[in-house]
Each structure stands twice: as C-alpha cells, then as structure tokens.
Amino acid sequence: MASPMRSLVSDYSRYVESFRRFLNNSTEHQCMQEFLDNKLPGIIARIGDKKSEIKILSIGGGAGEIDLHILSKVQAQYPGVPIKNEVVEPNAEQIAKYKEVVAKSSNLENIKFAWHKETASEYKNRIMEKKELHKWDFIHMIQMLYYVKDIPATLKFFHSLLATNAKILIIVVSGTSGWDKLWKKYGSRLPRDDLCQYITATDLTQMMDNLGIKYECHDLPSTMDISDCFIDGNENGALLLDFLTETCNFNTTAPPDLKAEIMKALQEPEFSVKKDGKVLFNNNLSFIVVEA
Ligand SMILES: C[S@@+](CC[C@H](N)C(=O)[O-])C[C@H]1O[C@@H](n2cnc3c(N)ncnc32)[C@H](O)[C@@H]1O
C-alpha cells in the first residue's frame, strides 16, 4: 500500500533541498535583487537620518543571501554609519550557512551581526517578558510569513517596534501568481500542516487594512521552470513538485487521480506559460512596504 501523503515541512532536510532546487530553477532571487536594486534605495532613503547606528531586524533570514544584499544597499545609502543586524531564524543549519556567508564576505566591517535561534513568536515572547522593546529602523520578513501562526498579531507587534522613519519590507507570493490558484484549487486535497499556511499578498494587505496599517504594494514577475516535473524519474523534477505541492514525495504518495489532475493543470495558462520548450510556472512576487 502507498504511504499516506505528508507535508513537506515535516521532513526538514527534504524541505531545505527542495527549496534550494526551487531557487536554482526560478527567478525568485533575481526578482528580489531587481527590486532591491531599483526600489530599495528610495524606500530606505530616510531610515537612518539623524541616527548614530542603523538597526535592522531580519525575520526568517534563512542563509542570508538576500539579507546581505539589503545590507549593501543600506551601506551605500549611509556610508560609514555603524549597522546592527539581528536575525531571528529558528533553523540552526540556516544560521550556520548565514554565518559562513558573512565570514566569506568583505566590506562588512561596520556591521555587527547577532543571530537568535528562535521563531518570530518566540522572539516576541522573549522580548516582551524582558521588556526589551527596542525600536528598529528596518525590519524585513522575506518569504516567511507562511510559517507564522498568528499573522495579524505578528504584523501588529513588529509594526509597534518601528523607529522614526523606519519601514518594514514583506515579500510573499502575489495574489496573481500560480500559487494562489494552486492553493485555491487543490489546497484542500493536499496535506496541511499547521506549520505552513497558504497566504498571498492579497490576504496580507486585507489584514493590514483591518489593522489600519499603511503600506504600498509592488508586484514583479517571476517564474519557476517546472519542465523537469514532467520527466519520469527526474530527481530535480520530483523535488520541485514536492516544493509546489508542499508534499513530501508527492510523486510516489499522491493518489493517482490527484496527481494526474495537478500535472495537467500545471501546464495550463492559468498556472504556467510555455516558452522555448520550457514550462514556466507563475511565481509572481509582491513587495509590501509598511510605514512606521
Ligand atoms: C522560504 S525561507 C526564506 C529564507 C530567506 N528569507 C529567503 O528569502 O531566501 C523561510 C525561512 O523562514 C524560517 N522560518 C520558518 N518559520 C519561522 C518562524 N515562525 N519565524 C521566523 N522564521 C521562520 C525558515 O527556517 C526559513 O529559513
């Protein structure tokens, strides 16, 4: 008998590997870098005004690649000003990778790093207990709010930590992405884990409207090359399919009818475009900039 379907995050090392494959087969980080190059300088233009140190809080910073890109933009905006960069990241492997990247990078002399091995809510509870409610000049939450249980409470709490002229940058998949359609159409038949929720920028902006939090939302196109998913026995395709469905070993554990439906749907224009013999899944991203 086939094993039952289970959520991908229940096997953390497979999750990390499939996330790596996703990054290698998508324009996810290129899309973020384009936004950071073109828009971030304007967004952070005033965050450090009249400050002797710029304080940055990274929530779910992962292995730090995007974090370092952000730091280089802050350094360019405020040359020589000391920066404190604290990272809230529950995964020890990710923290170890982040530290390696920092050790190998140059031009970080004016930055003090600190890592907290905890979730956003553990961080919140700890600093509330200790009454250490420091203010921050820039807080970012990049592709991580899916893993937070109480999103409105998290948004409200981090918003309350913003200093004068400070901003929050949130990146999540856009409501126009294939993810939104995939979750709406098949989410109820895929394994759910209370560690991961299906949310898009449309859900987040609605929550912020309800909380009276002001924001601006920018959308940028991004794609994920899922062509390998349609090649039988292809290991890369199997890991990408796990990432898409958030299911561990989807290929071997999904009921055949569900698998057939999803494989067919993924090639339809609602989800993907076909270009140069490739199937490109719509991975559009939204960049939400929150004001203090
Ligand atoms: C999809 S990765 C994104 C990493 C990085 N920000 C990027 O965009 O490349 C999500 C990250 O959030 C972290 N994470 C998961 N649950 C979290 C939580 N409750 N609080 C903070 N971070 C969390 C994960 O360990 C992982 O490093």
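Relative to the longest principal axis of the Cα atoms of the chain, the long axis of helix 28-38 makes an angle of roughly 30 degrees.
Across the alpha-carbon atoms of the range 152-292, the computed radius of gyration and Dmax are 17.5, 55 angstrom. Please say if the range 22-104 is rounded, prolate or oblate, where rounded means a/c under 1.5 for a ≥ b ≥ c the square roots of the C-alpha gyration tensor eigenvalues, and otherwise the choice is prolate for a/b larger than b/c and oblate otherwise? Oblate, because a/c is 1.5 or more while a/b does not exceed b/c.
What a 1.4 Å probe finds exposed on the range 39-173 is 53% carbon and sulfur by accessible area, rounded to a whole percent.
Available extension along the chain between residue 33 and residue 92 is 18.7 nm, counting 0.36 nm per residue and deducting the alpha carbon span. Computed from the alpha carbon positions, the gyration tensor of the chain leads to an equivalent ellipsoid with semi-axes of 34, 20, 19 Å, biggest first. When the helices of the chain are scored as -39500 (n - 2.57) per DSSP H run of n ≥ 4 and the total is divided over every residue, the value at 222 nm lands at -12000 deg cm²/dmol. Under the combined filter of DSSP loop state and at most 15 neighbouring Cβ atoms within 10 Å, the range 178-221 retains these trypsin sites (Lys or Arg not before Pro): 192, 214. Taken over the range 39-173, the percentage of Cα pairs per 10 Å bin, counting from 0 up to the bin with the maximum distance, is 12, 46, 36, 6. Think of the range 39-173 as having a plus end and a minus end, set by charges on the Cβ of Lys, Arg, Asp and Glu; of 172, 42, 141, 42 sits farthest toward the positive end of this dipole.
Leaving out ligands and nucleic acids, note down the accessible area per residue over the range 44-100 with a 1.4 angstrom probe, in whole Å². Solvent-accessible surface per residue comes out at 39 Å². Among the GluC sites (Glu not before Pro) found in the range 5-100, those both in a DSSP coil and sparsely packed, with 15 or fewer other Cβ atoms within 10 Å of their Cβ, are 53.
Residue separation of residue 236 and residue 125 scaled by 0.36 nm, minus their Cα-Cα distance, works out to 36.0 nm of gained length.
Sorted largest first by accessible area at a 1.4 angstrom probe radius, with every protein chain in place, the residues 193, 150, 276 fall in the order 276, 150, 193.
The values are calculated or read from the model by the stated rules, or taken from the named source; none is laboratory data. Since the structure is predicted, the reported quantities are computational estimates derived from the model, not experimental observations. Here Cβ is always computed from backbone atoms with ideal geometry, including for glycine, and neighbour counts include all displayed protein chains. Keep in mind that these areas ignore ligands, DNA and RNA; they rest on the heavy atoms of the full protein, side chains included. Shrake-Rupley method; radii C 1.70, N 1.55, O 1.52, S 1.80 Å.
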